[in-house]
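Heads up: the structure comes next, in structure tokens.
None of the figures in this text is laboratory data; all of them are computed from the coordinates on show. Keep in mind the model is a prediction, meaning the values are calculated, not measured. Here the Cβ positions follow ideal geometry from the backbone for every residue, glycine too, while neighbour counts run over all protein chains shown.
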Amino acid sequence: MRVGAAVAVCALSACAHSLPASAPQTDSAEDFDVVTLALIVSGYESTEGLAQARVALERKVTPILAAVDMRDPPEVRAHTLLRALHGRQLLRTYDPRATTLREIIDEGRFNCVSAAALYNLLAERLRLNVYAELLPSHARSVVVVPSGAIFVEPTSRDGFDPDPPVRARILRRLQIESGDSGDTIAEGGSPASIVGLLAAIYVNRASIAQEAGDVSRAERLIARAQAMGETWEMKALLRSQRAALLAQLASDDLASDDVIRVERAHRTLLSAAKLQPEDPRIAAAVSTNLRASTERLLARDRVEKRDSALLLTQTLQWLLPNDSAGLLAFALAERSLDRVAAGDLVGALEASEEALSLPIAARDTNLRATIEENQIAALRMSAMAWAERGEYDNSMRMIARVKELAETRGGASPPFLESDRLRALHLIGLRWLDEKRYDQAAEVLREGLRLSPNDSAAKHNLRVALEHLVKDALSRNVCDLSTLEEIEALDPSDPFPRQARARCLSIEAASALDAGDQEEAVTLLREARAVDPSAPNAVRNLGVALLHLAHSLAADGHCDRAEKVCEEIEALPTDAIGKGDTTEALGPCAPKR
């Protein structure tokens with residue numbers, strides 16, 4: 001793709017260059033041509049090492065240069081050079097860490113910076129007007145021809161003047177081979193001389209050293225890069241490049257399941273963030289990945305019960321606002337889970353609600369959804385916890401809150417809401433049964449049965465509560481007939497209502513006897529015996545009532561009737577009342593027997 005007018009650059013092989021502080025000393029700086037400088041930057045820092053590297057490089061590039069016909073137009077020479085570099089396999093394997101000429105000379109491994117450096121060095125020998133374009137996460141070459149400037153992507157044999165689809169394919173391949181899932185920034189670069197390009201090599205070497213934990217070496221290399229930066233803008237771009245490479249180097253560690261590598265990724269990304277890259281795209285990528293690494297470590301800390309306060313504090317100050325809010329929300333979500341595990345459901349809810357109050361970015365939809373799910377889960381568990389303690393109002397308040405949130409977020413009540421309510425009512429009812437609060441237990445269990453009329457547990461527990469209410473009433477000689485009818489409706493086969501009715505009739509009979517109405521008492525006890533023949537003392541009670549009736553009849557002179565009552569007594573299947581008792585009951589009527 002041709003762009004604009006040519007950018008004038010000097011023939012760099014003819015320019016003198018200032019040397020790094022560690023470069024070998026010779027008679028004058030001018031003795032160091034650009035190739036020597038490139039080799040020094042690539043790590044060949046002894047005189048002997050430089051000489052050997054120069055010989056090895058010349059041996060490899062000589063056939064490549066020979067493949068170019070100097071009579072061809074500049075654009076043809078530039079294209080032929082690129083094909084020869086790849087065709088003769090000097091550039092063989094892309095490796096994001098292969099940032100120097102050393103890797104190219106030794107193994108044919110390269111990245112965009114080292115490939116562009118080699119291409120530009122050889123292009124100058126072919127009398128091409130060439131310069132580099134540095135981007136925060138990429139480097140390429142630009143060849144100036146009479147008709148304009150031509151972009152060259154030296155990492156690909158198809159990289160000469162690529163159209164947008166081809167360039168996208170090249171960059172995409174680099175991302176795949178480097179393990180980087182982010183977007184390579186391919187627009188908005190800055191022109192750089194060969195010195196600026198070589199400074200980028202120092203930056204990359206520093207980033208690799210820092211990732212390996214050799215901070216002092218990284219700082220020395222950065223100082224050299226900054227010394228070679230030609231302008232303030234170039235120095236800023238080198239910082240962005242360093243941050244971009246650190247982020248790329250951390251990407252493989254970040255994708256690992258090995259927590260040691262994730263910790264290293266976090267350290268690397270924290271270093272990248274502290275560079276404060278000015279390019280907003282690099283800053284965003286670094287911030288996003290730093291946040292991701294921190295989230296991995298926060299999750300680890302929760303499982304291992306570690307204190308994450310320092311980790312969080314160290315990281316938050318280097319994140320962009322959206323990532324800072326997102327990370328804090330994630331940390332609160334982790335705290336919520338931790339509180340749930342500890343049984344502190346109030347603390348879990350507070351953490352979830354604090355997280356949801358933060359300005360979570362739209363791109364964090366999944367995070368917000370997870371926190372909302374955790375909030376709902378904590379509310380549901382709280383509802384059950386309150387229910388187990390018999391706290392009806394608090395339990396129902398939690399369930400109502402779930403309904404309110406679900407309808408606000410999704411427009412409909414969740415399907416589990418009614419089953420949660422039923423379960424809570426069961427738990428409350430059971431707790432109140434244990435506490436002998438039978439009347440209140442019956443009320444909540446009736447509520448549960450209204451929710452689920454066929455629920456067998458609700459029916460059983462309600463029946464238990466109602467039976468206790470009836471027994472309590474009977475213990476006070478009170479008959480609760482409406483409750484008995486409710487029990488019968490719940491389970492017609494339950495024998496308890498029949499037994500209780502017999503007991504009620506016996507109580508009424510006792511009252512009748514106390515009032516002197518022996519005939520009513522006998523009628524009631526006959527009915528009680530018919531209702532529940534197996535009731536304890538049913539026969540004896542009837543016999544006693546009959547004795548009282550016989551005695552009353554005899555006293556009133558109704559001997560015939562008294563005699564018949566005594567015959568009924570003697571026919572009862574019990575020996576608790578003997579013949580002597582009936583004779584005594586007949587009193588004045590006894591001689592007639």
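Restricting attention to the chain, lysine pairs at least eight places apart or on different chains and with alpha-carbon atoms under 27 angstrom apart total 8. Applying 1/(1 + (r/R0)^6) with r as the Cβ-Cβ distance of Ala168 and Ser456 and R0 = 56 angstrom yields a FRET efficiency of 0.30. Each residue, Ala530 and Ser511, gets one label point 7 Å from its Cα in the Cβ direction; the gap between the two is 2.1 nm. Using only alpha carbons, the stretch 31-192 has a radius of gyration to Kirkwood radius ratio (Rg to Rh) of 0.95.
Kirkwood-type hydrodynamic radius, the stretch 185-315: 15.3 Å, calculated from all non-identical alpha-carbon pairs.
Using a cutoff of 8 angstrom between alpha carbon atoms and counting only pairs six or more residues apart, the relative contact order for the chain works out to 6 percent.
Taking Cα centroids, how far is the stretch 205-282 from the stretch 77-109 in Å? What the calculation gives is 24 Å, centre to centre. Mark the label point 7 Å from the Cα of Lys305 along Cα→Cβ and return the residues of the stretch 341-357 whose backbone N is within less than 13 Å of it. Counting only backbone N, you get 341-343. By the compact-protein rule of thumb, 2.2 N^0.38 Å, the alpha-carbon radius of gyration of the chain corresponds to a ratio of 1.91. Percentage of Cα-Cα pair distances in the stretch 372-415 greater than 11 Å, rounded to whole percent? Beyond 11 Å sits 60 percent of the P(r) for the stretch 372-415.
To the nearest whole percent, what portion of all C-alpha pairs in the stretch 100-148 is separated by more than 11 angstrom? Beyond 11 Å sits 67 percent of the P(r) for the stretch 100-148. Helix 280-303 and the longest principal axis of the Cα set of the chain meet at an angle near 40°. When its C-alpha radius of gyration is set against 2.2 N^0.38 Å (N residues), the stretch 451-492 gives a value of 1.21.
Net charge dipole, the stretch 499-593: roughly 200 debye, given to the nearest 20, about the Cα centre with Cβ charges of +1 for Lys and Arg and -1 for Asp and Glu.
Here the stretch 462-593 is treated as a Stokes sphere of Kirkwood radius computed over C-alpha pairs; at 10 °C and 1.306 mPa s its diffusion coefficient rounds to 100 µm²/s. For Asp258 and Lys436, a Förster radius of 60 Å and the Cβ-Cβ distance give a FRET efficiency of 0.55, rounded to the nearest 0.05.
Compared with the alpha-carbon gap, the fully stretched path from Thr574 to Gln89 is longer by 162.8 nm at 0.36 nm per residue.
Compared with the direct C-alpha span, the chain from Met381 to Ser190 gains 63.0 nm at full extension, assuming 0.36 nm per residue.
Once a ≥ b ≥ c are taken as the square roots of the eigenvalues of the Cα gyration tensor of the stretch 240-319, is the result rounded (a/c under 1.5), prolate (a/b larger than b/c) or oblate (a/b not larger than b/c)? Here the stretch 240-319 falls in the oblate category. Axis of helix 538-555 versus longest Cα principal axis of the chain: the two differ by about 30°, to the nearest ten degrees. May I ask which residue of Trp432, Leu246, Gly148 lies farthest towards the positive end of the charge dipole of the chain, with charges of +1 (Lys, Arg) and -1 (Asp, Glu) on Cβ and the Cα centre as origin? Farthest towards the positive end: Gly148. In this rough spin-label picture, where each label sits 7 Å from Cα along the Cβ direction, the Val76-Val55 distance is 3.7 nm. Once both labels are positioned 7 Å from their Cα atoms along Cα-to-Cβ, the gap between Glu567 and Glu45 label points is 13.3 nm. One Cα centroid belongs to the stretch 433-451, the other to the stretch 291-357; the line between them spans 41 Å.
Taking Cα atoms, how many degrees apart are the long axis of helix 232-254 and the longest axis of the chain, rounded to 10 and kept between 0 and 90? Approximately 50 degrees, to the nearest 10.
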